[in-house]
1. Within 10 Å of each candidate Cβ there may be at most 16 other Cβ atoms; applying that plus a DSSP loop requirement, which GluC sites (Glu not before Pro) in segment 52-143 survive?
2. With respect to the cross-link table entries LYS291/LYS315; LYS315/LYS347; LYS63/LYS293; LYS181/LYS327, which display a Cα-Cα separation exceeding 26 Å?
3. Over 20 Å between C-alpha atoms is what I'm after, so list which of LYS165/LYS323; LYS53/LYS404; LYS175/LYS323 land there.
4. With a 10 Å radius around each residue's Cβ, average the other Cβ atoms per peptide and rank 129-139, 170-180, highest first.
5. How much FRET efficiency would the formula 1/(1 + (r/R0)^6) give for ARG418 and SER55, where r is the Cβ-Cβ distance and R0 is 56 Å, rounded to 0.05?
6. Under the rule of -39500 (n - 2.57) per DSSP H run of 4 or more residues, summed and divided by the residues of the chain, what mean residue ellipticity at 222 nm is obtained, to the nearest 500 deg cm²/dmol?
7. How charged is the neighbourhood of ASN26? Take every other residue with its Cβ under 14 Å from the Cβ of ASN26, and add Lys/Arg as +1 and Asp/Glu as -1.
8. Which FRET efficiency value, to the nearest 0.05, do you get for ALA140 and ARG330 by plugging their Cβ-Cβ distance into 1/(1 + (r/R0)^6) with R0 = 30 Å?
Amino acid sequence: MGKTATLIIDGKSYEFPIIEGTEGDNAIDISSLRARTGFITYDPGFANTSVCKSSITFMDGEKGILRYRGIPIEDLAEHSTFVETSYLLIMGHLPTRSELNRFSVRLNDHSLVHEDMRHFFENFPRRAHPMGILSSMVTALREFYRGVLEEEENLEITFARLLSKVRTMAAMSYKISRGHKVVYPRHDLTYCANFLNMMFDSPVRPYTIDPDIVRALEVFWILHADHEQNCSTAAVRLVGSARVNIYAAISAGICALWGPLHGGANQAVVEMLQQIYDSGGDPMPFIERAKDKSDPFRLMGFGHRVYKTYDPRAKIMKKVCDKVLAKLGRKDPLLDVAQRLEEMAIKDPYFIDHNLYPNVDFYSGIVLRAIGIPLNMFTVMFAIGRLPGWISQWKEGRYDPDWKLYRPRQVYVGDREREYVYIDER
Ligand code: ACO
């Protein structure tokens, strides 16, 4: 028999099995807790709860480690492409050359968006947030591709379709929001170059593809590709557990990502840096506000539920940021503000005591800004990057016999039973 944990309630002992992870993250299996003891657990935000066994991503928040399918994020950021990393996450292994070619052909074959969908794009109000547009359009995709959806033999096509079309739709929504002509995907361009071209090419100003900018985008997307059971991924698994179609599950992930505590943080960081800059450039009053418990303000881009040290992605993103700015020969005053803020915050006892370090969003906003991505598209950029992660987590759930309908419990703290009082007697 494997290891067990003993729980004693009112002098009575109960043994629960311990599940051992390959990297030492062990869990007490309490799935029989309520049936055996009548008790449930209380764990707001699921901070101590694992809802699945997963072999996709490993992270160690204390040591600052992140690996996809066992491969360190640093190696992927150095050597891989976003398409190859997506394949690794979804299929579970690094592709051979022929597997990668086949996958790339699939991405090209499924890159166009049904022309009838253009009407939807055109009818959103001009000021609509691209995340709202994207989540609606991803749900709508399912209705255009019914029948070739989730049958086993079509799964790879469905995954390619999602990866390719979400990228096209993101660029389309930007063009349409500006009243510009939509640029179609090109078969001769790589996944990332294609996106940049669809975003920035125009009949009056043809876009020149710069391999260094393409590489910066590759790395940005690789860094965001998966992050185990984060809020949006948990949303995909939760909605997917009802056995809804994959498009609806992914759309739920997009909605969750939109929030400023999650993917929306990259937009919020730049807004905060701008605020600091506009107020004279001194970060100290903002640091003081973030420490003040009576003020809801937080330093955006700082802190993480799991990382209690430097986010390894933030380190890589910072290097990308320096490279992109040097390449473009640009000085971004917000980068100076960011550097000052980081230096001050990481020395501050409050941030040290609370283990608050810059997360990936802290520098990614500056990179996106330098590439020319508009502020309200930042979270969409994150969504495109996280897509392979959501797909691989959904796929893992699909083959997991333990993927039960998510149905948490609650501790009810409301009124006990009381009488209904007629309206005139209240
Ligand atoms: N600024 C100031 N204080 C902070 C911050 C911050 N950014 N983050 C956490 N804290 C403090 C809290 O006030 C709390 O203090 P207390 O214990 O004295 O009351 C303590 O640190 C713990 O905070 P929680 O909110 O309980 O920690 P949690 O793990 O739930 O928070 C989160 C993680 C939501 C990311 C938080 O750090 C935050 O709001 N950061 C800013 C938003 C952000 O950058 N989000 C991106 C996350 S990365 C991603 O999704 C890609």
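1. Numbers: sites: GLU62, GLU74, GLU78, GLU84, GLU99, GLU115, GLU122, GLU143; in loops: GLU62.
For GluC sites (Glu not before Pro) across segment 52-143 that sit outside H, G, I, E and B with at most 16 neighbouring Cβ atoms in 10 Å, the list reads GLU62.
2. LYS63/LYS293; LYS181/LYS327
3. Beyond 20 Å: LYS165/LYS323; LYS175/LYS323.
4. Working: 129-139: 21.5, 170-180: 18.5.
Taking the mean over residues of other Cβ atoms within 10 Å, the ranking is 129-139, 170-180.
5. 0.65
6. One gets -15500 deg cm²/dmol as the mean residue ellipticity at 222 nm.
7. Numbers: positive: LYS3, LYS53; negative: GLU20, GLU23, ASP25, ASP29, ASP60.
So the environment of ASN26 carries a net charge of -3.
8. Working from the Cβ atoms, E equals 0.20.
Read-outs throughout are calculated quantities, based only on the coordinates presented, and are distinct from any laboratory measurement. Note that this is a predicted model, so its numbers are computed, not measured. Reconstructed Cβ throughout: ideal geometry from the backbone, glycine too, with neighbour counts over all protein chains shown.
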